[in-house]
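Undergrad: Mind having a look at this structure? Questions to follow.
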Amino acid sequence: MATYDLVLTNGRILDGCGNPWFWGDLAIQRGRIVEIAPRGTLMSTPRIDVDGRYVSPGFIDIHTHSDLSILVNRPAESAVRQGVTTQLIGNCGMSPAPVDAAHLIEMQRQWGPISDQSEVTWEWRSFGQYLQALEQGGLGINIASLAGHGALRIAAMGLDESMPSSIQLEQMKAFLAEAMQAGAFGLSTGLVYPPGCFADTDEIISLCKVVSERHGMYASHIRGERETILTAVAEAIRIGLEACVPVQISHNAPKFGAPCDASANLHLVDEARARGQDVTVDNDVHTDLAPALTGGLPQPLQDLPANEIAALLRDPARRLEIRTEIVLDQKPAFGPVGLLKHAQWQRITLLHAPNSPGVIGKTVAAIAEQRGQDPFDTYFDLIVENGHEAEAIFDYIDEANIRLLLQHPAVMISSDGQVLAPYGFLNDPIPYQPCSYGEYPGVLERYVRDEPVLTLPEAIRKMTSFPAQRMGLRDRGVLRVGAWADVVVFDLQRIHDRATNLYPHPYPFENYPHQYPEGIDYVFVNGTMVVDGDQHTGALTGKVLMHGLNS
Ligand SMILES: [Zn+2]
């Protein structure tokens, strides 16, 4: 009789490819799935009777921002407790490498206070050195990475708003070639954030040609997800066509202020696919985001030190100019700014403001009324009082669009979150990021079990084999003999996301501070148990994945 490192017996096996479940046993040896057989036929010990629960590939989160937080929390608590076994980092133009020493300070400012944590040494310079730093010290999940256009641009020319000179463009291409050589999966852009918003389409096409040579992908936070969403989707598609790269449109839900619902942007994707272009989309299922209030300022001001921002906002003439620019939105700002532009102050709820007593849990509309002020002035005053520490929940997405996106076959599920933990630096102050704790269980609970938006096999496909296919991972995201044993065992009846609060939400919130979900019973990463019921086993068996290798 064959012996294995571990057998999971008596499971409903979901292969990840969209097929209905079947009863079976699954055997793991040396990190890989080595046998899948009829229920009750693999008798080797040790053996776990999963008692009819679902056995699926570990979830692959194609859009995260864990680049630095994974260094602070290597077990990847908030991710792996959801059943996520692989994340793609380096999204929205933001990766922590390459770094040029002359522009290190601009880079650190972009990442905010986490930059100062002792685990974040900033000793790396090249992309390859950053990947080495990730690998040394162990990882609780597998990590794949994109090179961020913003990082390339900062390394070559700082936060300069002009077009790159030909020398600077060549330098960016060389940085990108090094990153691809080191194992990057492609290039990401964040065309609403500095410095991505300063780049024109041709700059991105030139860089994507470097990605094309190595068969990578182009992932974009497009140039506006509200009023400009259709031209921005069209720009992403054009970049893919001209540079000959597959396109991943990130978190593509229309935000408040968009002229149409999600069927319009999805129609552009369908048209491109019908013409033979490989364009796919991801989205998360949360209607809110909790950025710093300074994120609502025009891009060149966002990353200035708090005292410089306060000085500008104290000057009445500059204050009026800034307000006018926010409303005109000439360089489209990120999604939440639509609430400022369209005076939706009742949709902005204060979360942190250490120097403004009595405002937490109130909307900007309510605080303005209390202060007898114009809400725009209230918004600016809260920044003057608290600098970058003022944070609010912006409720800026219509759930109807989330359902439309979930049901489209070319849309996969992502979190747009990051590795967090309810202890230590990553919980101080407590961040409001329900997607980081509850994305995958939330989809299964709300959109599969409680409401028939997706079938279970289709939801699992969008969490596993589909993102694996997009990234070119040939031996993850599926349960089959020979694949790496990234496996999650869950109980659909018990599954419960304890991080998400639906809008309009009373304060205090139902699910806050965030907690790990229920019903994710076992998680295996490369064949080793990492989650056992409500315990993290401490195992750090994740790998840094390299593009193009059989990783
Ligand atoms: Zn983004």
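Undergrad: In what sequence do Leu207, Leu545 fall when counting other Cβ within 10 Å, fewest first?
TA: Arranged by neighbour count, lowest to highest, Leu207, Leu545 become Leu545, Leu207.
Undergrad: Let me ask something else about it. Per residue of segment 37-51, what does 6.51 cos²θ - 1.76 cosθ + 1.60 with θ = phi - 60° give for ³J(HN,Hα)? Whole Hz please, x for Gly and Pro, Karplus curve as stated.
TA: 9, x, 3, x, 9, 9, 9, 4, 10, x, 9, 10, 7, 8, 6
Undergrad: With the Cα gyration tensor of segment 422-484 giving a ≥ b ≥ c as the square roots of its eigenvalues, does the rule (a/c under 1.5 for rounded; else a/b larger than b/c for prolate; else oblate) give rounded, prolate or oblate?
TA: The shape class here is oblate.
Undergrad: Rounded, prolate or oblate: which fits segment 126-195 when a ≥ b ≥ c are the square roots of the eigenvalues of the alpha-carbon gyration tensor, with rounded for a/c under 1.5 and prolate only if a/b beats b/c?
TA: prolate
Undergrad: In sequence order, what are the phi-derived ³J(HN,Hα) couplings for segment 84-92 according to the Karplus relation 6.51 cos²θ - 1.76 cosθ + 1.60 with θ = phi - 60°, rounded to whole Hz, with x for glycine and proline?
TA: My calculation for segment 84-92 gives 7, 10, 9, 10, 9, 10, x, 7, 6 Hz in order.
Undergrad: Give the long-range amide H neighbours of Val84: residues separated by 5 or more places, or on another chain, with amide H under 5 Å away, using H modelled in the peptide plane at 1.01 Å from N.
TA: So Val84 has HN proximity to Phe59.
Undergrad: Collect residues whose amide H, placed 1.01 Å from N in the peptide plane, falls under 5 Å from the amide H of Asp67; neighbours closer than 5 in sequence don't count.
TA: Those lying under 5 Å, H to H, from Asp67 are Gly90.
Undergrad: Defining a contact as two alpha carbons under 8 Å apart and six or more residues distant in sequence, what relative contact order in percent does segment 328-438 show?
TA: 22 percent
Undergrad: Now a separate question. Which value in deg cm²/dmol, rounded to the nearest 500, describes the helix-derived mean residue ellipticity at 222 nm for the chain, given -39,500 (n - 2.57) per DSSP H run of n ≥ 4 and division by the residue count?
TA: About -9000 deg cm²/dmol.
Undergrad: Would you list, by chain and number, the lysines whose Cα falls below 26 Å from the Cα of Lys543, excluding same-chain residues fewer than 8 positions away?
TA: Within reach: Lys462.
Undergrad: Now for a different question. When a footprinting reagent is the concern and you count Cβ atoms within 10 Å, what order do His221, His267 take, fewest first?
TA: Fewest to most other Cβ atoms nearby, the residues stand as His267, His221.
Undergrad: Hey, what did segment 21-95 get for relative contact order, percent, Cα under 8 Å, at least 6 apart?
TA: This gives 25 percent for segment 21-95.
Undergrad: A further question on this structure: Normalised by the number of residues in the chain, what is the relative contact order in percent for Cα pairs under 8 Å and 6+ residues apart?
TA: 21 percent
Undergrad: Under 20 Å from the Cα of Lys255, which lysines turn up, not counting those fewer than eight places away in the same chain?
TA: Result set, ordered by chain and number: Lys331, Lys341.
Undergrad: Still on this structure, please answer the following. Karplus couplings for segment 446-460 from phi (6.51 cos²θ - 1.76 cosθ + 1.60, θ = phi - 60°), rounded to Hz, Gly and Pro as x?
TA: Here the 3J(HN,Hα) series is 7, 9, 10, 6, 7, 9, x, 7, 10, 6, 4, x, 6, 4, 5 Hz.
Undergrad: Here's another thing I want to ask about it. Under a Cβ-Cβ cut-off of 13 Å, what is the net charge of the residues other than Ile367 that fall near it, where Lys and Arg count +1 and Asp and Glu count -1?
TA: -3
Undergrad: Starting from the Cα of Ala400, step 7 Å along the direction of its Cβ; do the same at Leu104; then give the gap between the two resulting points in nm.
TA: Those two pseudo-labels are separated by 5.2 nm.
Undergrad: Something else now. Please say if the chain is rounded, prolate or oblate, where rounded means a/c under 1.5 for a ≥ b ≥ c the square roots of the C-alpha gyration tensor eigenvalues, and otherwise the choice is prolate for a/b larger than b/c and oblate otherwise?
TA: prolate
Undergrad: Under a 5 Å amide H to amide H cut-off, with H placed in plane at 1.01 Å, what residues pair with Asn501 once short-range neighbours are removed?
TA: So Asn501 has HN proximity to no qualifying residue.
Undergrad: Now for a separate question. Would you kindly state how much longer the chain becomes between Asp475 and Thr121 on full extension, computed as 0.36 nm times their sequence separation minus their alpha carbon distance, in nm to one decimal?
TA: 124.2 nm is the gain from fully extending Asp475 to Thr121.
Undergrad: Quickly work out the Met163-to-Asp202 label distance, labels modelled 7 Å from Cα along the C-beta direction, and quote it in nm with one decimal.
TA: 0.4 nm
Undergrad: In the neighborhood of Pro429, defined by Cβ-to-Cβ distances under 12 Å, what is the net charge if each Lys or Arg adds +1 and each Asp or Glu adds -1?
TA: -3
Undergrad: Right, another one. Would you work out the charge dipole size for segment 212-255 about its Cα centre, treating the Cβ of every Lys and Arg as +1 and the Cβ of every Asp and Glu as -1, and quote it to the nearest 20 debye?
TA: Charge dipole, segment 212-255, about its Cα centre: 100 debye, nearest 20.
Undergrad: For Glu242, Glu321, Glu225, what's the fewest-to-most ordering of other Cβ within 10 Å of each Cβ?
TA: Fewest to most other Cβ atoms nearby, the residues stand as Glu321, Glu242, Glu225.
Undergrad: Using +1 on the beta carbon of Lys and Arg, -1 on that of Asp and Glu, and nothing else charged, what's the dipole of the chain about the Cα centre, debye to 20?
TA: Here the size comes out at about 1060 debye.
Undergrad: Show me, bin by bin at 5 Å from 0, the whole-percent P(r) of segment 375-484 based on Cα pairs.
TA: 2, 9, 14, 17, 15, 13, 12, 8, 6, 3, 1, 1, 0
We did not get these values from a lab; they are worked out from the coordinates using the rules stated. Just so you know, these numbers come straight off a predicted model, no measurement behind them. Positions of Cβ are generated from backbone atoms using ideal geometry, with glycine treated the same way; all protein chains shown enter the neighbour counts.
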